[in-house]
Each structure stands twice: as structure tokens, then as C-alpha cells.
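> Please see the structure below; I have some questions.
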Amino acid sequence: MKILVAIKQVPSRDSQISVAAGGRWIDTAGLSAEINEPDAYALEAALQLKEQHGGEVVALCAGPAEASQTIREALAKGADRAIHVEESDIGRYDLLGVARLLAAAAGAEKPDLVLTGLQSDDLGYGQTGVVIAELLGLPHATIIMHVEVTANGIRVKRELENGWFQHVDLPLPAILTVQSGISRLRYATLMGIKRAKTKEVRKLAASDLGVDSTPQLVLDKLYAPRREKQTLMIEGGPRAQAEKLASILKYEVRVL
């Protein structure tokens, strides 16, 4: 089974984020980067499937040259090889543009299964996986908790609302977006880090894929949310005030 995992490099979660001078993106100067955590769970799911059923795991990343750090991390954890769609100005691609890049590179590989994280830690659209599925014309399922290989394809467990789950049978090839937190993430071993240096990383230019980079969505302005304080006076008797306060804490503030 050939499993392709789409991974993304994002700013580290403990980074101090500020808006760049142009006001259209964050200031990346001095920021440390890491693999997008939801994608790390997709990678872990792929590695577990490989351990159970054999085959290979291929990491796929679209981003600047600096993303090679994230690619090497995926290789060190156990991915067999990687494809790097190198684009220095990946920010000029909107979600559809990035999905087109990934779909073009993935389609040429003809994988049995494509896994992505549920969403990215930076933009959080949560749509890349399903857009890739539409571009490739493949069946897909989202918020995946478990994958089981069957005689006719795969059977997946999806997380729904309020503690409900759904089991879906899919033919292969297919695309899945994996829920975060479904398993414990492995660390890269010293031997894995050494082996990663010798594993194949195939580099492609965006122009090699013939993808239209004209954005359909343009980010006009980026800014930090404004912090405001507001006083709410709760009227009525003690019982009515307590009920109203409990309702606010439970349904609006969500601390109960």
C-alpha cells in the first residue's frame, strides 16, 4: 500500500506572532517553524498502517526551501521518501491554489491512500484535504479516528458531534483527513535522524506542475483582535442573578 501524507510547515506554537509591515501576513523574521501538528497525526496514522500492512509512506509538502526541515522530520520518523513542491512565495497561493499543487503532485504518484491533517495551525481552513479529493475525483472522509483495511478497501471511524461516531466503507484510492489526538505521536530516533539524511527528497517547482496560481481568494488585511472590557450588570433577585450568571458561565464563557 502506497500512502501519501500531505504535511505543512507552520510557525512554532510558542512563537511571538506580529503582523508584518504590509498588513497582509505575519512577520516571519526570526520565527522558528515546525510540522503542523494535525499533519503529524496524519503521518503517525500512515506509519501505523505501513507497520500493519507493509508498503511505503511518502511525505508531500508545498512550501519554501526552509520547509526541508519539516520534511526531514517526517523522514526521520519513518516516511520512506518525500516530495517537496518548492515555492518561495507560497503565500501567493490561496487554499485552492495550494490544493492544486498538492493534487498535481499526488496524482502523479497514484497512491492508494492520501492522508492530511484535519486543519492547519496557522490558517485553520480545514478544507485542503477535501478540495484535493474533489480535484482528483476520489472518495473522501473527514475527522477520521481509525482506519481498518478490508478486502474491498478501507473502513473508517469518523467522529461526529456529542460523542457520536460513524463507520464508513470506502474503496481505494481514497483521501482522509485525520483527527488530532487519536494516538501518541512518536519521536524521531537518533537512527531515524541519520537515515533521513540518505532518503530521497524529490524537488519539484510549482511551474513543473502546470498549476494556475491566480488566487481566487485574496487576504486583504491581517490584524490582531482588539481586546475590550465590558461590564454586564445582572438584575433581579439573588436566585435570578445566580441562574443568569450560571447560564453565562456555561454557554458563553464555557468554563462550567
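> Please work out the Cα center distance from segment 38-71 to segment 228-256, rounded to the nearest Å.
Each part reduced to its Cα centre gives a spacing of 46 Å.
> For each pair in Lys2/Lys203; Lys8/Lys194; Lys110/Lys221; Lys50/Lys203; Lys229/Lys250; Lys157/Lys221, compute the distance between the two Cα atoms and list the pairs where it is over 28 Å.
In this structure, Lys110/Lys221; Lys157/Lys221 exceed 28 Å between Cα atoms.
> Same structure, new question: Return Met1, Met191 ranked ascending by Cβ neighbour count within 10 Å, so the fewest neighbours appear first.
Fewest-to-most ranking of Met1, Met191: Met191, Met1.
> Mind checking which aspartates and glutamates have their Cα closer than 19 Å to the Cα of Lys77? Skip sequence neighbours fewer than 8 apart in that chain.
Glu34, Glu37, Asp39, Glu44, Glu51, Glu56, Glu66, Glu200
> Run lengths n ≥ 4 of DSSP H only: what is the helix-derived mean residue ellipticity at 222 nm for the chain, with -39500 (n - 2.57) per run over all residues, to the nearest 500?
-8500 deg cm²/dmol
> Calculate how many DSSP beta bridges within the chain are antiparallel, expressed in % of all such bridges and rounded to the nearest 5.
Values: 16 of 44 bridges.
Of the beta bridges lying entirely in the chain, close to 35 percent run antiparallel.
> Take every DSSP beta bridge whose two residues both sit in segment 124-186, then give the antiparallel share in percent to the nearest 5.
Around 80 percent of the beta bridges assigned by DSSP in segment 124-186 are antiparallel ones.
> Taking the simple approach of a point 7 Å from Cα along Cα-to-Cβ for both Met191 and Asp14, what is their distance in nm?
Distance between label points: 3.0 nm.
> Normalise the Cα radius of gyration of segment 45-100 by 2.2 N^0.38 Å (N = residues in it) and let me know the number. Kindly include the intermediate steps, with their values, before the conclusion.
Numbers: Rg = 13.1 Å, N = 56, 2.2 N^0.38 = 10.2 Å.
With N residues counted in segment 45-100, Rg over 2.2 N^0.38 Å equals 1.29.
> Kirkwood hydrodynamic radius, segment 68-122, all distinct C-alpha pairs: what's the number in Å?
12.9 Å
> What angle, in degrees between 0 and 90 and rounded to the nearest 10, separates the Cα long axis of helix 68-77 from the longest principal axis of the Cα atoms of the chain?
80 degrees
> How big, in percent, is the set of alpha carbon pairs in segment 75-214 lying more than 20 Å apart?
56 percent
> Additional query: Expressed in nm to one decimal, what extension gain is obtained for the pair Leu256 and Glu66 from 0.36 nm per residue of sequence separation less their Cα-Cα distance?
This chain segment gains 64.1 nm when fully extended.
> So, one more: Tilt of helix 95-109 relative to the longest C-alpha principal axis of the chain, in degrees (0 to 90, nearest 10)?
Long axis of 95-109 versus the principal axis of the chain: about 30 degrees.
> Averaging the inverse of every distinct alpha carbon separation and then flipping it gives the Kirkwood radius. What is it for the chain, in angstrom units?
20.2 Å is the Kirkwood radius here.
> Report the extension gain between Ile234 and Leu219 in nm, rounded to one decimal, defined as 0.36 nm multiplied by the number of residues separating them, less their alpha carbon distance.
Length gained, Ile234 through Leu219: 1.4 nm.
> Taking only Cα atoms, what is the 0 to 90° angle, nearest 10, from helix 238-251's long axis to the longest principal axis of the chain?
10 degrees
Each value in this text was obtained by applying a stated rule to the coordinates, not by laboratory testing. These numbers were taken from a predicted model, which means no experiment stands behind them. Positions of Cβ are backbone-derived with ideal geometry, glycine not excepted, and every protein chain shown enters the neighbour counts.
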